[in-house]
1. Do we find a residue being out of contact with any helix residue (DSSP H, G or I) (no Cβ under 7 Å at 6 or more places or on another chain), in a loop (DSSP other than H, G, I, E, B) and surrounded by 12 or more Cβ atoms within 10 Å (Cβ to Cβ) anywhere in region 28-44?
2. So, in region 45-65, how many residues would count as being in contact with a strand residue (DSSP E or B) (Cβ under 9 Å, 6 or more places away or on another chain) and in a loop (DSSP other than H, G, I, E, B)?
3. Looking for whichever is part of a helix (DSSP H, G or I) and either in contact (Cβ under 8 Å) with a residue 60 or more places away in the chain or exposed (fewer than 14 other Cβ atoms within 10 Å of the Cβ) (or both) here; the options are 68, 14. Which one fits?
4. Do we find that residue 3 is over 10 Å from the mean Cα position of the chain (by Cα) and surrounded by fewer than 12 Cβ atoms within 10 Å (Cβ to Cβ) in this structure?
């Protein structure tokens, strides 16, 4: 699947269904990678399970950022 913005939006809408149970997400968004789009998943803590490298053919990038708080 071509990583267009529309495809990335479709993947974002179902992303939580593809992540293993117990993985805590602090943020989920879409980012650019060169000329394509990818999903960006921010996690509360380092997961102890394997995470998918793509969802519906859209690459997924993970970062452990902890809890996000408003200032």
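Laboratory data are not the source of any read-out in this text; all were calculated from the coordinates shown. In this text, all values refer to a predicted model and were calculated from it rather than measured experimentally. With ideal geometry, Cβ positions are generated from the backbone for all residues, glycine too; neighbour counts draw on all protein chains shown.
1. For region 28-44, residues out of contact with any helix residue (DSSP H, G or I) (no Cβ under 7 Å at 6 or more places or on another chain), in a loop (DSSP other than H, G, I, E, B) and surrounded by 12 or more Cβ atoms within 10 Å (Cβ to Cβ): present.
2. Residues of region 45-65 in contact with a strand residue (DSSP E or B) (Cβ under 9 Å, 6 or more places away or on another chain): 45-47, 51-55, 58-65.
Narrowing further to those that are in a loop (DSSP other than H, G, I, E, B): 45-47, 51-53, 65.
Number satisfying all stated conditions: 7.
3. On inspection, the qualifying residue turns out to be 14.
4. Values: over 10 Å from the mean Cα position of the chain (by Cα): yes; surrounded by fewer than 12 Cβ atoms within 10 Å (Cβ to Cβ): no.
For residue 3, the condition - over 10 Å from the mean Cα position of the chain (by Cα) and surrounded by fewer than 12 Cβ atoms within 10 Å (Cβ to Cβ) - is not met.
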